[in-house]
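Quick notes on the structure that follows.
The values are calculated or read from the model by the stated rules, or taken from the named source; none is laboratory data. A quick note: this is a predicted structure, and the numbers were derived from the prediction, not measured. Using ideal geometry, Cβ is built from the backbone for each residue, glycine included, and neighbour counts are taken over all protein chains shown. Please note that ligands, DNA and RNA were not included when accessible areas were found on the heavy atoms of the full protein model with its side chains. Shrake-Rupley method; radii C 1.70, N 1.55, O 1.52, S 1.80 Å.
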Amino acid sequence: MEHLFRLKDRNTDIKTEIVAGLTTYLSMIYVFSIIAAMMKDAGVPENAAYTSILLAAGIGSIIMGVLANYPVGLAPSLGVTVLFSSTLCGRMGYSWQAGLCAVFVEGVIFLLIAYTGVRKSIMEVIPPHLKTAISCGIGFLLTFIGLKNCGIIVSNEQNLVGLGHILTPGILVSFLGIVILLGLVLLKKPFGMVIGMAVTAVIGIIVGIFFPDANLPSINTNAAMLQASGSSFGAMVMGFKELFSSVNVLLVLFSVLFVDFFDTTGTLLAVIYRTKLPTINGEPEKLNRALTADALGSIVGAVLGAPSVSSYVESESGIESGGRTGLTAVTTGVLFIASIFLFPVFNLITSCVASPVLIIVGSMMMINFGNINWKDYSEAVSAFATVIMMILTYSIADGIAFGFIVYGLTAIFTKRYKEVAPLMWVMMGFFGLYFLMI
């Protein structure tokens with residue numbers, strides 16, 4: 001165990017890593033119902049969807065932990081799943097088998113990028129203020145996801161978003177969970193995230209007895225076990241002919257690769273830098289291995305029948321609980337696989353239990369926001385564009401794209417375009433092409 005995960009070198013122990021893995025699991029589990037619902041809309045049978053995404057997330061997280069030794073949980077990407085469901089299998093009319101085939105091929109391309117120097121070259125030319133903006137933008141997005149999931153922020157016909165009905169039981173329990181977690185974090189209590197979630201869940205169960213609310217956790221003795229299904233395993237093979245006989249095949253592969261690459265890279269960098277682990281020339285060690293693990297997870301996931309697997313920013317919660325090694329990710333992965341057989345646990349990990357963690361962790365990611373030179377408007381506006389568009393588009397990749405394009409425009413207007421690396425101009429061109437195609 002020590003040889004594989006270097007626990008002593010990273011000043012941690014088995015107990016801390018397992019608790020951190022549990023924290024990450026509890027913070028991520030909410031997303032599986034969302035992903036399964038989108039896959040069902042694309043035509044994937046529900047039981048097969050749940051089985052494939054839990055297996056893909058479990059195997060992907062274990063690969064990340066063993067190969068890269070990072071405390072990062074993996075699961076099917078929300079961004080790629082939306083692209084898979086609403087665009088590929090929706091507007092463009094592909095079958096879900098062809099959509100999975102696109103994910104598989106994209107995973108292979110991503111693997112090649114991770115193995116070559118392309119990924120490193122891309123990261124080296126991104127200005128420091130944009131890297132900081134990406135990290136902080138993810139923090140804002142994480143907080144927004146938490147506020148939306150628990151109902152504090154809701155959709156509004158007049159203003160797009162608005163304040164929810166605060167006096168509903170689920171939202172009140174969420175607020176109480178935020179207060180509990182805030183106190184535990186400020187007091188620096190060990191395993192504060194897990195304790196806070198456990199206390200919130202118990203309070204939610206008690207409140208739900210007297211004031212029933214769908215957002216509150218409940219102990220359901222009649223909850224059925226998941227009927228595991230492998231009907232989507234290998235289904236992507238049936239989509240090869242359909243995908244590669246299409247004139248839009250390059251557009252499809254580029255779109256999936258774009259979302260996956262920048263979603264994954266932005267998230268990985270933001271999460272890994274929070275671990276404060278050793279760096280080599282300013283870059284986290286074994287970052288290529290982390291990207292390779294991500295790519296392998298996508299390939300395995302596609303074979304199993306799940307959209308592209310990606311690193312999850314919710315891993316921040318496990319890191320804040322003390323996770324510093326791949327044992328955290330392995331623990332999370334094992335719990336994902338076990339969830340196939342412990343399906344009723346979803347009744348306890350409701351939005352009002354998980355959301356307070358996302359909100360608190362998101363706020364913690366604002367620490368480096370002051371590193372951006374807000375007095376230099378050409379720097380500030382591209383950072384601002386990255387953050388605001390990441391929140392409003394609900395997409396890490398789209399936020400990065402807008403930030404890059406604005407950065408290019410400021411360089412042109414201020415006649416500092418010679419300071420911009422040629423590869424940055426190439427990426428800006430690809431981003432513009434991407435927006436024209438979607």
Subject >> Entirely in segment 338-438, the helices (runs of 4 or more DSSP H) that have 3 or more residues that are within 28 Å of residue 159 (Cα to Cα) and among the aliphatic types (A, V, I, L, M) >> reply: 351-364, 377-392, 396-413
Original post:
Out of all the residues in segment 352-391, which are in contact with a Leu (Cβ under 8 Å, 6 or more places away or on another chain) and of a type in the set (Ser, Thr, Tyr)?
Top reply: 355, 382, 386
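Each row is one residue, and each column tells you yes or no for (1) of a type outside the set (Asp, Glu); (2) open to solvent by 10 Å² or more (accessible area, probe 1.4 Å); (3) more than 29 Å from residue 325 (Cβ to Cβ); (4) touching a Gly at 6+ places or on another chain (Cβ under 8 Å).
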residue	(1), (2), (3), (4)
16	yes, yes, no, yes
20	yes, no, no, yes
54	yes, no, no, no
63	yes, yes, no, yes
84	yes, no, yes, yes
Original post:
Can you tell me which residue in segment 105-139 is modelled with the highest pLDDT, limited to those that are surrounded by 20 or more Cβ atoms within 10 Å (Cβ to Cβ) and more than 22 Å from residue 428 (Cα to Cα)?
Top reply: 105
Original post:
Restricting attention to segment 269-283, does a residue exist that is modelled with pLDDT of 85 or more and part of a helix (DSSP H, G or I)?
Top reply: no
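Taking residue 33, is it open to solvent by 40 Å² or more (accessible area, probe 1.4 Å), farther than 21 Å from residue 255 by Cα and assigned to a helix (DSSP H, G or I)?
Details: open to solvent by 40 Å² or more (accessible area, probe 1.4 Å): yes; farther than 21 Å from residue 255 by Cα: yes; assigned to a helix (DSSP H, G or I): yes.
Criteria met by residue 33.
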Subject >> Only listed residue being closer than 30 Å to residue 191 by Cβ and surrounded by 14 or more Cβ atoms within 10 Å (Cβ to Cβ), chosen from 382, 395, 378, 355 >> reply: 355
**OP:** Please give the number of the condition residue 93 fails out of (1) open to solvent by 20 Å² or more (accessible area, probe 1.4 Å); (2) closer than 30 Å to residue 189 by Cα; (3) not in a helix (DSSP H, G or I).
**Re:** (2)
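Rundown of residues vs (1) at pLDDT 90 or above; (2) basic (Lys, Arg); (3) closer than 19 Å to residue 341 by Cα, yes/no style:
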site	(1), (2), (3)
13	yes, no, no
18	yes, no, no
53	yes, no, yes
60	yes, no, yes
66	yes, no, no
72	yes, no, no
89	no, no, no
Original post:
Could we say that residue 154 is part of a helix (DSSP H, G or I) and farther than 23 Å from residue 308 by Cα here?
Top reply: no
**OP:** Being among the small types (Gly, Ala, Ser) and assigned to a helix (DSSP H, G or I) is the filter here, so list the residues in segment 238-263 that pass it.
**Re:** 239, 255
**OP:** State which residue pairs qualify: first residue free of Cβ contacts under 8 Å to residues at least 60 places away in the same chain and inside segment 92-117, second residue surrounded by fewer than 16 Cβ atoms within 10 Å (Cβ to Cβ) and not in a loop (DSSP other than H, G, I, E, B) in any location, beta carbons under 9 Å apart, and separation of 6 or more residues or different chains.
**Re:** 112/118
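Against the condition within 21 Å of residue 402 (Cβ to Cβ) and free of Cβ contacts under 8 Å to residues at least 60 places away in the same chain, how does residue 125 come out, does it pass?
Working: within 21 Å of residue 402 (Cβ to Cβ): yes; free of Cβ contacts under 8 Å to residues at least 60 places away in the same chain: no.
Judged against the criteria, residue 125 is not a match.
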